[in-house]
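Worksheet for the structure shown next.
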Amino acid sequence: MPPTDSTYADQLLPRFDRSPTPYHAVRECASVLSDAGFARVVETAAFPIGPGRYFLERGGSLAAWVIGPRTASTTGFRIVGAHTDSPNLRVKPNPDGSVAGWSQLGVDVYGGVLLNSWLDRDLGVAGRVVVADGNELSTRLFLDDRPVLRIPQLAIHLDREISDKGLRPNRQSHMNPTWGTIGEPEAFTRYLATMADVDPDAVLGFDAMLFDTNHAVLAGLHRDLLVSSRIDNLLSCFVAVDALIDSAEDPGARIPMVCLFDHEEVGSVSESGAAGPLLDTVIGRVVASLGGSIDDTARALADSMVVSADGAHATHPNYPDRHDPAHRIEVNAGPVLKINANQRYATSAESAAEFRACCADVGVPVQTFVNRSDLACGSTIGPLTSGRLGVPVVDAGCAQLAMHSVRETAGARDPQMFRSVLTRFMCR
Ligand code: ZN
């Protein structure tokens with residue numbers, strides 16, 4: 001019986017804080033994998049041959065896998081997929097501006113942001129800067145967790161109807177943060193240069209994102225709630241990586257693999273997204289490194305399965321009518337299988353059965369989610385992966401509230417249960 005207390009969730013808290021962007025999430029996961037004996041694979045070099053623990057990074061995405069002593073070129077894969085990105089606000093290329101004495105930054109909205117949740121927060125900035133380094137270009141990550149930015153709400157006296165009619169912020173004009181009253185030309189480029197420790201002229205490109213500087217915490221009277229930014233979907237990323245490390249101790253008959261993708265929140269079509277070739281490429285190269293042919297790759301895939309790990313909607317206590325009455329979902333009650341008749345989730349009867357069998361093997365309860373029939377259903381990397389690879393996929397994850405808020409709420413006992421199940425899945 002696995003531990004079902006909050007100890008593991010407590011250990012995850014600083015990992016959320018260190019991962020405000022997909023690039024930082026990848027660096028965090030790479031660091032954990034390196035500490036567990038995983039060797040970094042460089043895509044421009046030949047793939048390693050022979051048993052071992054390996055990972056590779058591509059931008060905001062990461063793949064990791066374990067080749068055991070019994071692995072053959074036709075051995076199937078047991079893959080856990082998740083995504084590293086979360087909806088957020090991103091700094092525009094020419095961001096500097098000022099209005100009525102306030103210095104402002106222009107920001108774009110990335111993905112399905114719950115805009116109201118970003119107002120009146122203590123916001124920091126993080127991302128990557130590409131700088132000229134002689135004739136070379138080098139990429140540097142930066143993370144400024146000081147509360148340098150904020151987006152103040154409009155006072156209720158200036159919008160008397162807001163409580164009755166709701167907040168409807170305009171994405172272009174109402175979401176721009178201020179960072180004070182002292183304006184200077186090229187302020188953001190200078191700031192980035194300071195962050196990257198280079199001359200402003202050396203800054204040739206950047207991806208900069210805002211984040212809430214509040215730390216992840218265990219909340220509730222009995223500390224049984226996990227509260228953080230980016231629970232969707234860093235929680236799945238961290239749990240998947242830890243489950244892979246657990247499964248590497250005693251891999252089963254198949255190849256355990258984790259693939260963490262960027263750009264899920266904007267449709268996954270990119271060089272590193274789940275609709276791109278990353279996973280196919282890695283699988284093909286792993287099979288080739290085992291001496292396999294195209295036919296061996298097809299045989300391996302025919303014996304493979306994927307868990308698409310992503311957050312699930314817990315039933316909201318204040319809005320129970322937004323959920324199907326026969327499919328109530330609770331936090332701290334075990335992982336959630338997500339099913340959708342229209343294939344917004346990829347779970348089938350067979351993949352659901354496999355997942356339920358894994359839960360039973362490790363003594364963890366499992367819940368089943370369907371959306372209300374009259375509400376449009378969200379989606380995940382599951383259907384994309386199933387469609388690309390032609391393998392069975394199960395969509396599953398930990399229950400949470402306030403998905404896509406800057407600060408989300410999950411159960412503190414669910415992560416350990418999900419980790420046990422994913423470990424079992426990768427070893428089965
Ligand atoms: Zn998600």
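The values are calculated or read from the model by the stated rules, or taken from the named source; none is laboratory data. Just so we're clear, the structure is a prediction, and the values are computed from it rather than from any experiment. Because the Cβ atoms are built from the backbone with ideal geometry, glycine has one as well, and the counts that use them run over all protein chains shown.
Can you find a residue that is β-branched (Val, Ile, Thr), farther than 24 Å from residue 260 by Cβ and in contact with a strand residue (DSSP E or B) (Cβ under 7 Å, 6 or more places away or on another chain) anywhere in the range 50-68?
no
Here's the yes/no breakdown for (1) surrounded by fewer than 23 Cβ atoms within 10 Å (Cβ to Cβ); (2) within 19 Å of the chain's Cα centre (by Cα); (3) within 14 Å of the ligand (Cβ to nearest atom):
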residue	(1), (2), (3)
221	yes, no, no
224	yes, no, no
236	no, yes, yes
267	yes, yes, yes
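Quick test for you: out of 194, 178, pick the one residue that is surrounded by 12 or more Cβ atoms within 10 Å (Cβ to Cβ), in contact (Cβ under 8 Å) with a residue 60 or more places away in the chain and away from the ligand (no atom under 16 Å from the Cβ).
The match here is 178.
Among the residues of the range 136-146, are any of a type in the set (Lys, Arg) and loosely packed, with under 13 Cβ neighbours inside 10 Å?
Yes, the range 136-146 contains a residue that is of a type in the set (Lys, Arg) and loosely packed, with under 13 Cβ neighbours inside 10 Å.
Does residue 355 meet the test of being away from the ligand (no atom under 16 Å from the Cβ) and within 22 Å of the chain's Cα centre (by Cα)?
yes
Please name all residue pairs, on different chains or six or more residues apart, with Cβ atoms under 6 Å, provided the first residue is in the range 292-313 and is over 16 Å from residue 75 (Cβ atoms) and the second residue is part of a loop (DSSP other than H, G, I, E, B) and within 16 Å of the ligand (Cβ to nearest atom).
Going by the 6 Å Cβ cut-off, the qualifying pairs are 308/380; 310/380; 311/403.
Mind checking which pairs have a first residue in the range 130-147 that is assigned by TED's automatic domain parsing to the domain that holds residue 14 and a second that is surrounded by 13 or more Cβ atoms within 10 Å (Cβ to Cβ) and of a type in the set (D, E, K, R), Cβ under 7 Å, 6 or more apart or different chains?
Here the result reads none, with nothing in the range 130-147 linked to a residue that is surrounded by 13 or more Cβ atoms within 10 Å (Cβ to Cβ) and of a type in the set (D, E, K, R).
Taking the range 364-379 on its own, how many of its residues are exposed (fewer than 14 other Cβ atoms within 10 Å of the Cβ), away from the ligand (no atom under 16 Å from the Cβ) and not basic (Lys, Arg)?
4
Okay, residues lined up against (1) assigned to a helix (DSSP H, G or I); (2) under 27 Å from residue 220 (Cβ atoms); (3) at pLDDT below 95:
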| residue | (1), (2), (3) |
| --- | --- |
| 29 | yes, no, no |
| 37 | no, no, no |
| 50 | no, no, yes |
| 57 | no, no, no |
| 63 | no, no, no |
| 78 | no, no, no |
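What number goes with the only condition from (1) in contact with a helix residue (DSSP H, G or I) (Cβ under 8 Å, 6 or more places away or on another chain); (2) part of a loop (DSSP other than H, G, I, E, B); (3) within 16 Å of the ligand (Cβ to nearest atom); (4) modelled with pLDDT under 95 that residue 405 does not pass?
It fails just one condition, (4).
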